[in-house]
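The values are calculated or read from the model by the stated rules, or taken from the named source; none is laboratory data. Keep in mind that what you see is a predicted model, and the values were worked out from it rather than measured. Cβ placement follows ideal geometry from the backbone for every residue including glycine, while neighbour counts extend to all protein chains displayed. We work out accessible area using only protein heavy atoms, side chains counted, and drop any ligands, DNA or RNA first. Shrake-Rupley method; radii C 1.70, N 1.55, O 1.52, S 1.80 Å.
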Amino acid sequence: MVKFGCDTEATGLGRRGALAGLFAFAAAATMAGPAMAGPAPNVRRSAAARSPAASPDTDTIASPPTPGYAYRTLWYNDFLPLDPSANARTFGGAGGFYSDTGLQAAVEIPAGALLRSVEWFVANTSGSNMAFYAQIWTPTDAYITQVVTTIVPSSASSTPTMTLGLTTSDNWGPYPEGSKIVLYAPTTPTCLLNGVRLGFTGGGLETNIRPAPLKLYDSATTGGKFAAGETRTITLPGVPAGTTAVILRIITTGSTAAGTVKVFPANQPEPDVGAADIGANTESVTEATIYMIANRQVKIRPSRAAHVRFDLVGWHR
């Protein structure tokens, strides 16, 4: 027996020699072994050729992302059978199923977040409406508490559809620290689970910072200099759909008097305070976080005549 922890003259084989021999053996076994297995049965083999920079698949049945929501998504292979001793998960052509009792998964709740929506992606051709459940587990015992039941209707089509379940203020939380959302899918060969998406508010947002700020708007090239107290409504280009808030670098120039500029969502009342400063006879630069609405429109109102420019630094989503 070779001991890998020491080098000996008697064997003439040290740790490096032993490892080199193992690697050579593994390489030879790999070359001599059977060919690699083909793709999994749910791999789409006939996808059209796309640019290397393009997404391989842009189709989705999920609802458009809502500003202020943080999402967590599972696909069917994230679920496990309730009783794995009898059968494993099975791919059924439009999703997965477990024929005996169904599939179950758990999702960690972002700190302080409220569960607002549960979207089930299911192909149900069973002929019956099926009840899918979102429940709460807390670190007290093994029992779970029902939160929202989503009834997925039967359809003649084998293509998955989206069914949305919504919570109410009575049950959307906040939940005890360490709780998890437990998801139950009553799958069968004619009720296939494709996936599920959970929407949270009040927690779980992620921040993206651009490597270099991107200019979104400049009154010097669009619309001309603002008059004192003038209000304009603009749409911010290049902001991803579903963005909760943008981080803007606000630059003001061309003013002869100091003041402030207010920037706020177009569907909200004007705030009491400005988002950025206006300097007299100088360039002023301020960074501010502005809440986004679905159409990504904001209102701009400087207290002094000035040019206003926005650079996109990043966003929360």
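What region 170-240 shows is 48 Å² of accessible area per residue, with the surface traced by a 1.4 Å probe over protein heavy atoms. Separation of region 239-317 from region 104-149 is 40 Å, based on Cα centroids. Radius of gyration over Kirkwood radius for region 198-242, both on Cα atoms: the Rg/Rh ratio is 1.11.
Each principal axis of the Cα cloud of region 213-317 was evaluated for its coordinate range; sorted largest first, these ranges are 38, 28, 22 Å. Between LEU214 and GLN268, the FRET efficiency estimated from the beta carbon spacing at R0 = 30 angstrom works out to 0.80. Over region 98-156, with a single point scatterer placed on each C-alpha, what log10 of the ratio I(q)/I(0) does the Debye formula yield at q = 0.12, 0.20, 0.21, 0.28 1/Å? Relative scattering, expressed as log10 I(q)/I(0), comes to -0.39, -0.93, -1.00, -1.38. Per-peptide packing, taken as the mean over residues of other Cβ atoms within 10 Å, places 228-235, 119-126, 239-246, 285-292 in the sequence 119-126, 239-246, 285-292, 228-235 from highest down. Using the empirical formula 2.2 N^0.38 Å as the baseline, the Cα radius of gyration of region 166-269 reaches a ratio of 1.73.
Per-atom-type breakdown for region 170-317 gives carbon and sulfur 49% of the accessible area (1.4 Å probe, protein chains only).
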